[in-house]
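Notes for the one structure printed next.
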Amino acid sequence: MYLRPVIFVLCTVLTLIAAGCNGAQELDEVAYILSVGLDAAPNNQLAITYRIAIPTTISGVEPSQGSSKKSSVVVTVIAPTMTDGRNLLNSIISRSPKVFHIKTIVIGEELARKGLSDLVSSVMRFRDYRETIILAIARGSAKDLIVANQPELDVLPSRWVESMFQSYYESSYYLRADLHQFYKRLKNETGAPYAVVMGINPLSGKGQAENRPLGEDKGRAYIASQIPRYNGNPVEVCGTAVFKGDKLVGFLDSKQTRALSILLGDWKRGFMSVEDPLLPTKPVNVNIHLSGKPAITVDISSAIPAITIKLSLEGEFTAISSGINYESEDYKVLLEHQVSNTIFEQILDMLSVTQGLGTDVVNFGYYIRPLFNTIQALEAYNWNSKYPEASITLEVETHLRRSGLMRKTMPIRED
Amino acid sequence: MQYQTGRMGTAEGIGLAVIMTITSVFSSSPSFILEKMGPLAWVVPFVAGTLIISAIFLLAYTFNRFPGDLVAITEQLLGKAAAKLICLYYIFVFFSIAIFLIRELTENTLLIALPYVDLNIASLWYGLGAAVIVYAGLESIGRVIYLALPFIIGLILFSLITTYPLWEVNYLFPWQGYGLNTLVENSVGLTGMQAGVIILTIFAPSFQTARTIKAAAMFGVGGVCILHSFIFVVFIMTFALKAGSEKILPLFEIARLVYLNRYIQHIESIFILLWVTIGILSIAACLFTCLFLLSRLANLATIRPLIPAITFITVELSRLPPDITLVVKLASKIYLSHFFGALIFPIILFIAAIIKGRRKKACTYVR
Amino acid sequence: MVDNIVFKLYRSAKNILGYQPPSIPSPFVLDEQRPYDSLPRVDLLPNNEKSLADLAALLRYANRLQDFAGRMDTVLRSNVWTEHAKEIHLEFAALEKQLSELTPVLLRYDQSNITHNFQRLSTSISENKKILADIYHLPRNTDIIIRDFSIAGTPRIQAFAVFIEGMVDNDFLNTSMFHPLMLFDDSRKLYNNDFIERIIKECLPSTQAKRSDSFDMLVASVNSGATALIFDGIDEAIIVDTSGWEHRGVDRPQIEQSVQGSQAAFSENFRINTGLIRSMLRTSDLVIETVKVGTRSQINCAIIYIDSIANATLVNETRRRIRGIATDYLGDTGELMQFIEDHPSIPFPQSLSTERPDRVAGHLVEGRIAILLEGNPFVHIVPVSFFTFFHSAEDFSLKPIVVNFMRILRLFGALISTLLPSFYIAISYFHQEALPTELLLAIAGSRENVPFPAWFEIFIMELSFELIREAGIRVPGFLGSSVGIVGALILGQAAVFAHIVSPIIVIIVASTGLASFGIPEYRMASAIRIIRFIFLILAANLGLVGLATLLLWIAILLCRMKSFGVPYMTPVVPKTLSGYDVVLRGPVFQQWSRPDALNVKDQRRQPLISRVWKNFNRRND
């Protein structure tokens, strides 16, 4: 009675077993690539840098040969395409390299200026890559950047990437720019793709050669590798790289990136030091955030489109060095005006840069979509060509609502 | 016969209606329709759903006047030869759906789940999975789907809603897309894809009343259409028109985008459980219907000896097209032809019923 | 047409190729269209006006009789008998004639009383016996004993005693009741004076004896273990308290412990077990039928049900199946159930086995049937659904929130114990991108020194866990429980240090084992243990695709199974009304109806408002 089902089950099991393991791989047979760097190499080749994780460091198990404290190893291969590079990597690394845990792709500046269409097409098609990978542009070469990256707080560089881009909103001096938004803006009708800028800092305590203090903001604006500091991880992340199509055309520094994140509605909070209106040598620190998404309307009735932006900011005091009683209504107005002006100028500066480059990074074209009835009409309008001449009207309004732990400052005793 | 007459209730009916329509949710249809219609694509599932539900309602009206299942009614209204022809046609409909489902499921497996498995192993495995379930019978299929329905819907909705940070509403405009005239031709294709809902009328005597069939069609097909439309909306909002038209598996891509924090990411592997289950169940339901109609046509006493043979034939036929683009092209053409079975033939029957049944009174509901 | 070779060949080919399935009888399905499922409704009696007229006639006759008796009284007292003799005779004859006309009415009135409980005893002993047989569903009920005897005296008085064996103290019955009544003083004249009073005062040396003339009191006392003595020619009965069933002489339950609730369990003695059930359900509708199974050695097997609730078709089917067992000797309830189950080869249990009488009583009240075999303390309850196996004995004695949390935990535990190892294997072999990066690297690093593949590790650890569990059952005394889990974990730890397995495997196997202990029913846990290995094989071979396929096959199997005609996954699919007690449990005052799938005779269990005190104002008394 059981003979037929038993024979059937045996045949099925034998067939399954004899057919092989269907691509099964043990966890310790795989080499996990955590990040990839791409540079332009001579003869139309690419210099591909791979950062591969060493599992025993994190698990605490000592490997059979002497232990090394490093958690990852970096290999650079010169090959014409990424896939060929992976083939060559197989001869260098003992385990089979797999890319499904890549957290970030770093591209050298030179390669980015040539165009990213090759990279993007291969990354979007192969199933192992995802769209949540961070896209970063390196000032200089990606190989140097990846080698120089020695995270001190994190054991694994993948953890460094994830934590870095989870805490970007604390200052918004860089954005979380992943492949998804890059590709979306690359292919759709309006909007310019952007990426994050990383650079190697010389750690000499000197910043960029010349920086322009902007408006009443006491802080200076930097792009990655320009921050004046000593010690720490040589690699820093600051600024945004702006693309036209798939080619890199320009950079936005930290303040401009912050302005961009304000207009995108993505700005959560940030500190700002402005000049004291009544005592310009002293700073006043405030902690401001958006009270609602910016109200952007675009008027396309005339030949030149008119963009109107209304911003409303809220904040609190965090330091008043001069001791002037800005907490009261009469003086507060001055400070609010000061803050509004600062933000106003920074945003206009960013917009003028983008209009000069002809790239609509803020994607104002997103707001004209409801005004059309069909896709053909939208494409016929060709927003991207009209953006450089668009007139922008900006209104910024600030309300400082809280004053921290002190309600007024008593003067320091003069002896 | 394999089933007991008159015992299946609304729950199993909803299960059957859902399984025949929900496979289109996992297919490439959003990207095709998006390419042709633009942001108007989300209306298409509603139109297709309405057409299918109205077809079932027309047939339910017919059942109130003439007893029996679809083949028996055709015999009464249009004659014996027409009944045999229609039987043959529906065998073709369900057989083709089964073939394309096996092929699509195998291709999906090779693309997403097990990239290095042999094609033969994958398609034979799905054939085997479906064949074992056909032995169990249609009632079990309906029950299992009804049991799994909350988990299926919950998982799909979870993955859709957790991509909320990436939604950009304005990409749903310009709302007319490439023009309203594109609506009709694309809805026809999707309606044909859901032609399997006729299964409710082929097994009509097994359901309790005609009201059960109507309720099953309305809730089953309606629910899936709302879900399908929601997937379209989220897909358009997340990927927008141009980037979205490139994707081959839209729901899978949405699932890959989920990134809430360091731990809730890479959840698309859980989806494999979902679409494997749904795929095998729908293949089994189609095969069962096909075999049942075959036994009606040839007056066989039972379908059990035929199951291994027909499964093997289906698997072999599914391997005929050499590459995936040809599969998709063929599939869209054949699904378009199913529109006849989905909507046109019920209308013909309905008109014939009105003409012939003018003097017949409608039977009262049992209980 | 001529019958020539062409047609003959065609016919023989058709016989070979055209397959005719063997004719087996259709499976038993408990469905709704049977004729004798529901109680006839009392309020739908036809001829309401006719009964009203009958009752009016009876009332008039009674009034007339009362007047006549009053007149007789005055006539006799005032000593004027001779003048009124003739008319009194005439009136008497007329009354007698009217009585004979009204007797059919009286009879119809008496017989139409469905429940005998408000009936009074009659003076005829055979009439009383018939009424008692009706009340107790004799001769089906085999432990209600009607014992005829005659009482010593002049003349010898015929009587019978009614008691429930298993609930009475047999010694007491013999020495203090039958002995004095049957064997002592032969010369008493008991029919003089008040017969009952004399019997009680002179002949019954027992602690409690009272008299009653109505059946409801008699039946209630007999149900509680008393003995009723009914005599020929007397319309009253004596009720003697003889209760002596076993209480707390039985042991604690071995595997179904509960924190709150009774701690009694069945034992091996047949009458003790039936007595325990009777003590829980004191109603005359409880029927305990005894069937003998086995040809060489006949063992008693009891089918227990509540007659006014359980579906009669179900009872007949159970009886038919048990009577249809032909075997030498059947000693174990598990064997018995395998003989009569719908799917004996599928490891999922189709009957609930319990050793607690309170659980049995709860299920009997819902309309199920209990099967008890002599010599085995486990009682099996049919028909059950899949979700019943995740209910525990004290689910109704705790509050709903607590109980629902525990039930969800059990279901979750069952899921984990089935799927966790295969899930780990599938993801670590085929879908490595689903793990978070740190976890992935930690596992990969810890596997560095382990020489075995992951599926082999899990296989070894699972096998050793099963071995330890099996060994723990056989280790005697107090060592048994400690060997189990502690041994497993220590073994696992030692294996990790020896680099035979990696640490995460130990965690997975331990959680799986612990989760499987959370399932209340032992056989369900065993079934899950078996299918866990099949899941492992498929997951190692085909990843999540194999896992999903097997999960689907198991679900189809569960949806196809029946337990005595009731689908296994009721009430989820097929959808039936369930009373709020399937996966989660509702409050006790909202359990209005019994499970719909059992097609019981009386659907309603409690009225809509079951806390009557809540809706009435508090009074000051």
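Sorted from largest to smallest, which semi-axis lengths in Å does the alpha carbon gyration tensor of region C:269-378 give for its equivalent ellipsoid, taking the root of 5 times each eigenvalue? Write down the numbers at each step before the final one.
Values: eigenvalues 91, 51, 39 Å².
Equivalent ellipsoid of region C:269-378: 21, 16, 14 Å, largest first.
Let me know the mean shielding of B:300-308 by other chains, meaning the per-residue number of their Cβ atoms within 10 Å of its Cβ.
Numbers: counts 3, 4, 3, 1, 2, 4, 1, 0, 1.
For peptide B:300-308, the averaged partner shielding equals 2.
Which entries of A:K244/A:K268; A:K187/B:K36; A:K70/A:K143; A:K255/A:K293 have Cα-Cα distances beyond 24 Å here?
Numbers: A:K244/A:K268 27 Å; A:K187/B:K36 16 Å; A:K70/A:K143 18 Å; A:K255/A:K293 19 Å.
Check vs 24 Å cut-off fails for A:K244/A:K268.
In whole Å, what three semi-axes, largest first, describe the equivalent ellipsoid of the protein assembly as shown built from its Cα gyration tensor (square root of 5 times each eigenvalue)?
78, 41, 37
Indicate the gyration tensor shape class of region B:103-186 (rounded, prolate or oblate), computed on the Cα atoms with a ≥ b ≥ c the square roots of the eigenvalues: a/c under 1.5 is rounded; otherwise a/b larger than b/c is prolate and the rest oblate. It would help to have the intermediate numbers written out before the result.
Numbers: a/c = 1.94, a/b = 1.73, b/c = 1.12.
Since a/c reaches 1.5 and a/b is larger than b/c, the shape of region B:103-186 is classed as prolate.
Summing Lys, Arg as +1 and Asp, Glu as -1, what charge do residues with Cβ under 12 Å from the Cβ of C:M177 carry, C:M177 excluded? The partial results should precede the final answer.
Working: positive: C:R147; negative: C:D169, C:D171, C:D241.
Every neighbour counted, the sum reads -2.
Where the Cα atoms of region C:210-276 are projected onto their three principal axes, how long is each span, largest first, in whole Å?
Projected onto the principal axes, the Cα atoms of region C:210-276 cover 54, 24, 14 Å.
By the gyration tensor of its Cα atoms, with a ≥ b ≥ c the square roots of the eigenvalues, what is the shape of region B:138-207: rounded for a/c under 1.5, prolate for a/b over b/c, or oblate?
Numbers: a/c = 5.38, a/b = 1.38, b/c = 3.90.
It is oblate, given that a/c is not under 1.5 and a/b is not larger than b/c.
Please compute, for peptide A:359-369, the average count of beta-carbon atoms on other protein chains lying within 10 Å of each residue's beta-carbon.
2
Taking only the alpha-carbon positions of region A:242-323 and ignoring solvent, what does the Debye formula give for the base-10 log of I(q)/I(0) at q = 0.18, 0.19, 0.24, 0.26 Å⁻¹?
So the normalised log intensities work out to -0.94, -0.98, -1.13, -1.17.
Could you tell me what fraction of 2.2 N^0.38 Å the Cα radius of gyration of region A:1-46 comes to, as a two-decimal ratio? Let's see the in-between values first.
On the way: Rg = 23.3 Å, N = 46, 2.2 N^0.38 = 9.4 Å.
Normalised Rg, Cα atoms only: 2.47.
In chain C, how does Rg compare with the Kirkwood Rh, expressed as the Rg/Rh ratio over alpha carbon atoms?
Rg/Rh for chain C comes to 1.12.
Can you give the Kirkwood hydrodynamic radius of region C:486-621 from its Cα pairs, in Å with one decimal? Provide the component values of the computation, followed by the final result.
Details: mean 1/r = 0.0506 Å⁻¹.
19.8 Å is the Kirkwood radius here.
Taking H placed 1.01 Å from N in the peptide plane, check which residues at least 5 places from A:T76 or on another chain put their amide H under 5 Å from its amide H.
A:Y50
Highest mean first, what order results for A:107-119, B:229-241 on Cβ atoms within 10 Å?
Details: A:107-119: 19.0, B:229-241: 22.7.
So the order, starting with the most tightly packed, is B:229-241, A:107-119.
Can you quote the Å³ per residue value for the convex hull of the Cα atoms in chain A, rounded to an integer?
Values: hull volume 110.9 nm³, N = 415.
Normalising the Cα hull of chain A by residue number yields 267 Å³.
Determine the dipole magnitude for chain B: charges of +1 sit on the beta-carbon of Lys and Arg, -1 on that of Asp and Glu, nothing else is charged, the reference point is the Cα centre, and the result goes in debye to the nearest 20.
Numbers: 24 positive and 15 negative charges, 308 e Å.
Charge dipole of chain B: 1480 debye, to the nearest 20.
Along the charge dipole of chain B, pointing to its positive end and built from +1/-1 on Cβ of Lys, Arg, Asp and Glu, which listed residue (B:S28, B:T212, B:L149) has its Cα farthest out?
Result: B:T212.
Looking only at other chains, what is the average number of their beta-carbon atoms within 10 angstrom of each beta-carbon in B:7-14?
Values: counts 5, 1, 4, 2, 5, 4, 0, 1.
Mean shielding by partner chains, rounded to a whole number: 3.
Using 5 Å bins from zero, what percent of all Cα-Cα pairs in region B:1-109 falls into each bin?
Spelled out bin by bin, region B:1-109 gives 2, 9, 12, 17, 21, 17, 11, 8, 4, 0 percent.
Regarding region A:1-121, what whole-number volume in Å³ per residue does the convex hull of its Cα atoms give?
On the way: hull volume 22.7 nm³, N = 121.
That works out to 187 Å³ per residue.
What list do you get for C:F396, B:F95 if you sort them by fewest beta carbons within 10 Å?
Numbers: C:F396 16, B:F95 21.
Fewest-to-most Cβ neighbours within 10 Å comes out as C:F396, B:F95.
Lys and Arg at +1, Asp and Glu at -1: add these up for the other residues within a Cβ distance under 13 Å of C:S397 and post the number.
Computed value for this residue: +1.
Region B:236-269: which GluC sites (Glu not before Pro) are DSSP loop and have at most 16 other beta-carbon atoms within 10 angstrom?
On the way: sites: B:E246, B:E253, B:E268; in loops: B:E246.
Loop-located and lightly packed - B:E246.
Is the shape of region A:185-324 best called rounded, prolate or oblate, per the rule: a/c under 1.5 gives rounded, else a/b larger than b/c gives prolate, else oblate, with a ≥ b ≥ c the square roots of the Cα gyration tensor eigenvalues?
Working: a/c = 2.24, a/b = 1.17, b/c = 1.92.
Here region A:185-324 falls in the oblate category.
So how strong a dipole does the protein assembly as shown carry about its Cα centre when Lys and Arg Cβ are +1 and Asp and Glu Cβ are -1, to the nearest 20 debye?
Working: 126 positive and 122 negative charges, 568 e Å.
It works out to roughly 2720 debye.
Quote to one decimal, in nm, the extra length available between C:R60 and C:R320 on full extension: 0.36 nm per residue of separation minus the C-alpha distance between them. List each step's numbers first, then the result.
Numbers: separation 260, 0.36 × 260 = 93.60 nm, distance 5.22 nm.
Computed gain between C:R60 and C:R320 is 88.4 nm.
With Rg and the Kirkwood Rh both taken from Cα atoms, where does Rg over Rh land for chain B? Display every interim value, and only then the final one.
Values: Rg = 20.4 Å, Rh = 21.1 Å.
So for chain B, dividing Rg by the Kirkwood Rh gives 0.97.
Using just the Cα positions, wrap region A:178-267 in a convex hull and report its mean projected area in square nanometres, one decimal place. Working shown, then result.
Working: hull surface 28.1 nm².
If I average the Cα hull's projected area over directions, I get 7.0 nm².
Quick one: order A:R51, B:R143, B:R296 by neighbouring beta-carbon count within 10 Å, fewest to most. Before the final figure, lay out the partial values.
Numbers: A:R51 25, B:R143 29, B:R296 20.
By the 10 Å Cβ count, ascending: B:R296, A:R51, B:R143.
Can you give me the Rg/Rh ratio for region A:306-372, using Cα atoms for both radii and the Kirkwood formula for Rh?
Working: Rg = 17.1 Å, Rh = 14.9 Å.
That ratio equals 1.14.
Mind grabbing the base-10 log of I(q)/I(0) for region A:90-213 at q = 0.10, 0.20 Å⁻¹? Debye formula, identical points on the C-alpha positions, no solvent, two decimal places.
Ignoring solvent entirely, the Cα scatterers give -0.38, -1.43.
On a straight-distance basis, which aspartates and glutamates could pair with A:K386 in a cross-link, Cα separation under 17 angstrom, same-chain partners fewer than 8 positions away excluded?
A:E189, A:D299, A:D360
Taking a quarter of the surface of the convex hull around the Cα atoms of region C:409-478, what do you get in nm²?
On the way: hull surface 28.5 nm².
Mean shadow area of the hull around the Cα atoms is 7.1 nm².
Nearest 500 deg cm²/dmol is fine: what mean residue ellipticity at 222 nm does chain C get from its DSSP H runs of n ≥ 4 alone, each adding -39,500 (n - 2.57), divided by its residue count?
Counting only the DSSP helices, I get -15000 deg cm²/dmol.
Values in this text are rule-based calculations from the coordinates and carry no lab data. These figures come from a predicted structure and were not determined experimentally. Glycine also receives a Cβ, built like all others from the backbone with ideal geometry; neighbour counts cover every protein chain displayed.
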